[in-house]
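These notes are about the structure you will find just below.
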Amino acid sequence: MSSVIFGAGKIARGFIGHLLYLSGIDFTFVEKADSLADLINERGQYTVNILGNSEKNCVVKNAKALKFSDKDKIADAIASADAVFTAVGGKNLSGIVDFLVAGIEKKAKVGGFLNIVTCENWKQPAQIIKNQIIEKINPDAKVFLESNVGITESVIMRSAIESDAEFLKVDPLIVNVQNFWELPVDASRLVCQLPDIKGLKPIYEFTGFLERKFYTYNAANGTVSYLGALLGFEKIADAAHDERILKILEGVYNETANALSKKHKFPLDEQLAFTLTSKNKLQDYTIVDFIERNARDPIRKIGKDDRLVGSARLVLDYGIQPDNLCIAIAAAIFYKNDNDEFARELSRIKAEEGIDAVLTKVCGIDAFGVLGTLIKEKIQLLRDWGWLHE
């Protein structure tokens with residue numbers, strides 16, 4: 001059994017690589033940054049610290065990586081693999097398609113089956129990759145692609161956090177991760193069974209599961225991040241314990257839970273119980289995670305289909321007024337970070353073109369429609385509370 005992991009960042013090392021190692025499955029990272037690939041090959045191992053449960057800390061041994069310049073070796077690795085995982089970030093998926101195509105074309109010559117599993121916090125990452133592979137693959141390998149290659153996606157629910165500087169001096173590849181072990185995968189798009197991976201959870205009704213996670217976890221994370229930034233917090237757990245934020249967060253959970261329950265026919269009490277797993281994660285002091293990291297790239301995160309505006313639209317579709325989600329969106333619109341180019345651009349649009357332009361151009365909604373009007377009301381509410389520093 002062997003696997004390829006595109007990316008060698010914190011999720012790739014601290015979750016996918018970690019689970020494969022614990023499962024006795026050989027794997028190779030494919031990394032764009034030559035310096036990181038060199039470091040992995042030089043050291044050959046790295047530490048995974050389990051936050052709040054040090055007894056489960058692990059040294060992942062025999063780690064190895066290929067660089068993007070190793071094109072033939074990457075194709076060979078894919079051709080001999082049982083599974084390929086991607087953990088490169090959704091916006092970077094197009095950059096690995098040529099490697100996947102070359103590997104699949106080589107696999108078609110030797111035969112066998114291959115599953116590609118995207119591990120991205122992104123909308124329809126498997127479909128993005130599949131469409132681009134179909135466009136580029138050699139016609140001779142197209143039949144093999146359709147019958148012998150599964151392209152599916154997973155939901156990443158383990159947080160991976162950068163370690164402190166003092167530990168990085170000892171092991172520059174060390175990763176601190178949440179004590180969470182499940183890897184849910186859409187089983188309906190697999191062409192054969194995945195290797196026996198620790199924590200793997202095949203799910204056949206995946207759309208409902210994916211939406212449940214996204215509109216619960218991601219919406220809650222956005223709420224705490226942007227409200228926490230407004231109120232001067234640096235760490236997620238501290239913000240998630242603030243009574244002012246908690247009141248709004250509970251409202252967000254109720255709004256999304258009711259909508260998801262109606263859409264997917266989940267029992268409401270079951271969905272509300274699921275929200276507690278999200279809240280417990282946000283409030284976990286052992287997960288030292290920073291608001292700046294989570295609030296980064298606000299233009300994407302207040303996009304039409306993303307965690308906050310997308311959630312608010314879902315809630316409205318099911319006849320529920322998204323008051324608390326709109327407070328979170330209002331806070332996100334006023335997020336400031338001079339070190340974040342997207343936050344700077346958001347501030348520029350707001351200052352030069354106005355709130356209506358942000359709602360139209362960034363959020364993708366009608367500035368004078370129900371949702372746009374409600375968001376503007378919540379902006380005024382934040383002003384009345386003295387939370388905005390304009």
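The values are calculated or read from the model by the stated rules, or taken from the named source; none is laboratory data. All values derive from a computational prediction rather than experimental measurement. We place every Cβ from the backbone using ideal geometry, glycine too, and count neighbours over all the protein chains shown.
Restricting to the range 355-373, name every residue that is buried (at least 16 other Cβ atoms within 10 Å of the Cβ) and in contact (Cβ under 8 Å) with a residue 60 or more places away in the chain. Let's see the steps before the verdict.
Within the range 355-373, the subset buried (at least 16 other Cβ atoms within 10 Å of the Cβ) is 355, 358-360, 362-363, 365, 367, 371-372.
V362, C363, I365, L371, listed by residue number.
The number of residues in the range 93-141 being among the hydrophobic types (A, V, I, L, M, F, W, C), touching a Cys at 6+ places or on another chain (Cβ under 9 Å) and part of a strand (DSSP E or B) comes to 1.
Results for (1) touching a strand residue (DSSP E or B) at 6+ places or on another chain (Cβ under 7 Å); (2) free of Cβ contacts under 8 Å to residues at least 24 places away in the same chain, shown as yes or no for each residue.
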| site | (1), (2) |
| --- | --- |
| K73 | yes, yes |
| A83 | yes, no |
| T86 | yes, no |
| V97 | no, no |
| V101 | no, no |
| A108 | no, no |
| L114 | yes, no |
| V117 | yes, no |
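Look at (1) surrounded by fewer than 23 Cβ atoms within 10 Å (Cβ to Cβ); (2) closer than 20 Å to G208 by Cα; (3) polar (S, T, N, Q) and you find that S311 fails only one, number (1).
Can we say V143 is on the phi < 0 side of the Ramachandran plot and surrounded by 21 or more Cβ atoms within 10 Å (Cβ to Cβ)? Against the criterion (on the phi < 0 side of the Ramachandran plot and surrounded by 21 or more Cβ atoms within 10 Å (Cβ to Cβ)), V143 does not qualify.
For the range 153-167, the condition of being within 24 Å of K106 (Cβ to Cβ) and assigned by TED's automatic domain parsing to the domain that holds G14 holds for at least one residue.
Cβ-Cβ contacts under 7 Å between residues 6 or more apart (or on different chains), taken from a first residue in the range 45-57 that is in the same structural domain as K10 (by TED's automatic domain parsing) and within 14 Å of D284 (Cβ to Cβ) to a second residue that is part of a loop (DSSP other than H, G, I, E, B) and of a type in the set (A, V, I, L, M, F, W, C), are listed as L51/I287. Against the conditions (1) among the hydrophobic types (A, V, I, L, M, F, W, C); (2) farther than 14 Å from I327 by Cβ; (3) surrounded by fewer than 24 Cβ atoms within 10 Å (Cβ to Cβ), I248 satisfies every one except (2).
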